[in-house]
Amino acid sequence: MFKRFTMNYPRIEIHELGPLTNVELTLKDFMVFIGPQASGKSTLSRVIHYFYSLPDAIHRFVASPIWNENRFPASLDLSGLKEDLKKIWSDCVYENGRVRLNWTGNVFIEFNLDGVIFSYEFLKVIREHHDNIKLALQLSKNLKGWNQYEAVNKKYLEFIRKLSAKNEVINIPTDRANIVGLAFPKDLSLGELEFFELINQIRKEGGKKESKDLPGQLVEILAQRILRGTLLPRFMGDLFSFVANDKVTNSPIEKVIPLARASSGQKDAAWLVEVIKDSILRQNQNTALIVEEPEGHLFPEGQKTMAELLGLFFNSYGNQVVMTTHSPYMISALNNLIYAKDVGEGQSNKAAEKIINPHLWIDGSRVGAYLLKDGHAQCVIDPDLGLMDVGPIHKVMDEIDDENDRLFDLEYRK
């Protein structure tokens, strides 16, 4: 039996995929991508979304004959599986190139113009999963309905553990404010469609959940700080509740308005915050969150709190975060959370806890950060400090300051 791969971080290799010419990176537990427009951040996010979704897609293909045909095939339909995964790839990434997704050097899947390639070791894992489901069905042949489902689901959990995969993948796209306003999904990518279905599930449940544990209490506090109000999910139109001073009595009163009439920052952040809050309050285990530009339209104070919310999500229940950003405030706030853990684990533990809540601290060894530019990915983690370099984002400030200095010289050099 080949060596299992629970200790190594997976790797992604991309060649000639949209704006990404040659990218190789290690996929750590908290990933940050920065870069100019059209540099490939969204493309890379879609690739990672697909990567995280692979185990579930494979399981659904392997297990589907149980319910669709009431029988289970003796052998794996490999060609059918490849076609299925290729179809999902086109729906999720919708660009062609050469991409290799590595769990280890020998366990990988590759997509190129010729189709889908499984490594021998990865194919071995898939076939082993097929045989395990077959055995589970044989042992539970007298079981029906839910009991049979549970027997198969147990094998699914074993399968994703072998791939160090996630129980759930949440994709939050940049166009989230427009997607939540759609009555019906139309012309949406796979990630956007999954987001649309998730928010409708939360709407169906009314968004009313409470938790007495500390992460649940913290997420409520951070959500309120970011939104300065509360989202009230509704199928017939989301509402937004906030406190304002009455113009007559000058006393605080609660107001409820359609979410569509809230500020652009509140509209952009409302469902991002609600999805994170929902996951934490449910105590969902082992979830991957992929979010593009979480800072959208927020004042710097709100961006700082958004970084803290992502830190809380990351530290709750074995979760993972992938994000893109243009914001130096987000990067700097995340750096503080990394630095707090470094300082807090030393002699100044109690003092550091008074500055930043330890539930928000981020383990820097689990963070990967890359600048995407000119088709390549450059690591921007300072090897000495272990922090992200904000220089690539701040570079434009140097140019602005230089222009200001030259204009000042022109005015006063007489």
(Q) Is it the case, given these coordinates, that Ile338 is modelled with pLDDT of 95 or more, in a helix (DSSP H, G or I), under 18 Å from the mean Cα position of the chain (by Cα) and of a type outside the set (Gly, Ala, Ser)? (A) no
Q. Among the numbered criteria (1) buried (at least 22 other Cβ atoms within 10 Å of the Cβ); (2) over 18 Å from the mean Cα position of the chain (by Cα); (3) β-branched (Val, Ile, Thr), which single criterion is violated by Val322?
A. (2)
Q) Can you pull out the residues in segment 272-314 that are of a type outside the set (Val, Ile, Thr) and in contact with a Leu (Cβ under 7 Å, 6 or more places away or on another chain)? A) Glu274, Pro294, Met306, Ala307, Glu308, Leu309, Gly311, Leu312, Phe313
Q: Considering only residues that are charged (D, E, K, R) and within 27 Å of the chain's Cα centre (by Cα), look in segment 87-125 and name the one that is nearest to Ala57 (Cα to Cα).
A: Lys87
Q) For Leu385, all conditions in the list (1) modelled with pLDDT under 95; (2) of a type in the set (A, V, I, L, M, F, W, C); (3) assigned to a helix (DSSP H, G or I) hold save one; what is the number of the exception? A) (3)
(Q) Every residue in segment 230-258 that is in contact (Cβ under 8 Å) with a residue 40 or more places away in the chain and among the aliphatic types (A, V, I, L, M), please. (A) Leu231
Q: Please specify each residue of segment 258-305 satisfying the condition of being in a loop (DSSP other than H, G, I, E, B), in contact with a helix residue (DSSP H, G or I) (Cβ under 7 Å, 6 or more places away or on another chain) and closer than 30 Å to Arg161 by Cα.
A: Pro294
Q | Options Val248, Val291, Val256, Val275; residue that is of a type outside the set (Gly, Ala, Ser), over 23 Å from the mean Cα position of the chain (by Cα) and under 23 Å from Leu182 (Cβ atoms) | A | Val256
Q: Would you mind stating whether Leu309 is part of a helix (DSSP H, G or I) and buried (at least 18 other Cβ atoms within 10 Å of the Cβ)?
A: yes
Q: Answer yes or no as to whether Leu163 is in contact with a helix residue (DSSP H, G or I) (Cβ under 7 Å, 6 or more places away or on another chain), surrounded by 18 or more Cβ atoms within 10 Å (Cβ to Cβ) and at pLDDT 85 or above.
A: no
Q) Of all residues in segment 388-414, how many are of a type in the set (A, V, I, L, M, F, W, C), under 19 Å from Ser327 (Cβ atoms) and in a helix (DSSP H, G or I)? A) 4
Q: Residues being within 27 Å of the chain's Cα centre (by Cα) and either at pLDDT 85 or above or more than 28 Å from Asn153 (Cβ to Cβ) (or both): count how many of those fall in segment 126-140.
A: 1
Q.
With the requirement that a residue be surrounded by fewer than 18 Cβ atoms within 10 Å (Cβ to Cβ), charged (D, E, K, R) and within 21 Å of the chain's Cα centre (by Cα), what does segment 174-202 give you?
A. Asp175, Glu197
Q) So which residues in segment 66-77 are surrounded by 13 or more Cβ atoms within 10 Å (Cβ to Cβ) and either modelled with pLDDT of 85 or more or closer than 27 Å to Ser189 by Cβ (or both), if there are any at all? A) Asp77
Q: Give the residues of segment 170-201 that are in contact with a Phe, Trp or Tyr (Cβ under 9 Å, 6 or more places away or on another chain) and under 23 Å from Thr305 (Cα atoms), sorted by residue number.
A: Ile170, Asn171, Ile172, Pro173, Arg176, Ala177, Val180, Phe195, Ile199
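Residue-by-condition table, conditions (1) exposed (fewer than 10 other Cβ atoms within 10 Å of the Cβ); (2) under 21 Å from Pro215 (Cα atoms):
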{"residue": "Lys354", "(1), (2)": "yes, yes"}
{"residue": "Trp361", "(1), (2)": "no, yes"}
{"residue": "Ser365", "(1), (2)": "no, no"}
{"residue": "Cys379", "(1), (2)": "no, no"}
{"residue": "Pro383", "(1), (2)": "yes, no"}
{"residue": "Met388", "(1), (2)": "no, no"}
{"residue": "Arg413", "(1), (2)": "yes, no"}
Q: State yes or no: is Asp84 surrounded by 14 or more Cβ atoms within 10 Å (Cβ to Cβ) and either in contact with a strand residue (DSSP E or B) (Cβ under 9 Å, 6 or more places away or on another chain) or within 29 Å of Gln378 (Cα to Cα) (or both)?
A: no
Q.
Looking at segment 30-58 only, could you name the residues that are without any contact (Cβ under 8 Å) to a residue 60 or more places away in the chain and not in a helix (DSSP H, G or I)?
A. Gln37, Ala38
Q.
Among the numbered criteria (1) under 30 Å from Tyr50 (Cβ atoms); (2) of a type outside the set (Ser, Thr, Tyr); (3) surrounded by fewer than 21 Cβ atoms within 10 Å (Cβ to Cβ), which one does Glu345 miss?
A. (1)
Q | Residue count, segment 12-43 (criterion: in contact with a Lys or Arg (Cβ under 8 Å, 6 or more places away or on another chain) and among the small types (Gly, Ala, Ser)) | A | 2
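The values are calculated or read from the model by the stated rules, or taken from the named source; none is laboratory data. Please read all numbers here as calculations on a predicted model, not as lab measurements. No Cβ is skipped: glycine too gets one built from the backbone with ideal geometry, and neighbour counts run over all protein chains shown.
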